[in-house]
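Structure, as structure tokens:
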Amino acid sequence: CAQHRGAVAGVPVSAMNTLPIPHLAVVLAAGGSRRLGRSKQLLLRDGETLVHRAVRMALATQPARVFLIVGGNVDAVRAAVADLDVEVVFNAAWEEGLASSVRAAAVALAGSQARCLLLGCDQPALQMSHLRALLEGASVSDSACAATVHGDALGIPVVVTTSVLAEARELVGDRGLRAVLQRLPRESIHLLDASELRFDLDTPADVQTAIERGWLDRQD
């Protein structure tokens, strides 16, 4: 069960039914899934590809715009979301690693003052409740940011300001926003402690574990 810290005193997160502050959403789906040996974006949960599921949930948070960062397996990933209202951004440097996709997101959102919900498609346990909790928490946190606890570090899904996202333009390699978030006082960030989100998909063994936990369909 996810535990949410940083809500308004006396007002439970579940009671916050509206998200008054506009936001944008970015789904990171550019990886080549080399260790897995097949496109993780196209794995199925309840008959739906993970990339379609991530974009669908991002849209359900009612953002002003949704961007999908693609790279590896671009044609298949693009086709998987053809029915959704999403703006596809090709990351030509996708083979560099996660940092290149975060940089692409920062460029796509340049000039916007809206908060950004940033999520991936390799956390098969991700639910709408996680995204809602992050958006609601960010709206009342001192930094206007919210992040998911990954052990001692913070990671995606996250909600960050455009100024925080802009700092990601200096990132290189297979590094996401963790280094940028570490520069903020930890107590100023709303923290989502959901242990199921620490599980992501990198190897065939991860896929098997996810199937056993009911987070993925059995694969052909």
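The values are calculated or read from the model by the stated rules, or taken from the named source; none is laboratory data. Here the structure is a predicted model, which is why all the values come from computation and not from measurement. Every residue, glycine as well, gets a Cβ built from its backbone with ideal geometry; the counts of neighbours run over all protein chains shown. With ligands, DNA and RNA removed, areas are computed over all heavy atoms of the protein, side chains included. Shrake-Rupley method; radii C 1.70, N 1.55, O 1.52, S 1.80 Å.
Protein heavy-atom surface of the chain, 1.4 angstrom probe: 49% of the accessible area is carbon and sulfur, with nucleic acids and ligands not counted. Restricting the trypsin sites (Lys or Arg not before Pro) of the range 54-123 to loop positions (DSSP other than H, G, I, E, B) with no more than 12 neighbouring Cβ atoms within 10 Å leaves nothing. Amide H contacts of Val88 (H built 1.01 Å from N, in plane; Pro and chain starts excluded): Leu68 sit under 5 Å, all sequence-distant by 5 or more or on other chains. Rounded to the nearest 10 degrees, the angle from helix 50-60 to the longest Cα principal axis of the chain is 30 degrees. Please give the helix 128-138 orientation as an angle from the longest Cα principal axis of the chain, in degrees from 0 to 90, rounded to the nearest 10. Value to nearest ten degrees: 40. The amide H of His23, built 1.01 Å from its N in the peptide plane, has Ala64 as neighbours under 5 Å, considering only residues 5 or more places off or on other chains.
Residues in the chain average 45 Å² of solvent-accessible surface per residue, probe 1.4 Å, ligands and nucleic acids excluded. Looking at the range 112-214, the pairs of alpha carbons with a distance over 20 Å make up 39% of the total. A Förster distance of 35 Å, applied to the separation of the beta-carbon atoms of Ala153 and Arg34, puts the FRET efficiency at 0.95.
Taking the three principal axes of the alpha carbon atoms in the chain, the coordinate ranges are 49, 37, 34 Å, sorted in descending order.
With K and R counted +1 and D and E -1, the other residues having a Cβ less than 9 Å from that of Thr148 yield a net charge of 0.
Per-residue ellipticity at 222 nm computed for the chain from its helices equals -7000 deg cm²/dmol, with DSSP H segments shorter than 4 residues left out and the rest contributing -39,500 (n - 2.57). At a threshold of 8 angstrom on Cα-Cα distance, excluding pairs fewer than six apart, so keeping six or more, what relative contact order does the chain reach in percent? About 27 percent, as a whole number.
Val89 sits among other residues whose Cβ lies under 12 Å from its own Cβ, and their net charge, with Lys and Arg +1 and Asp and Glu -1, is +2.
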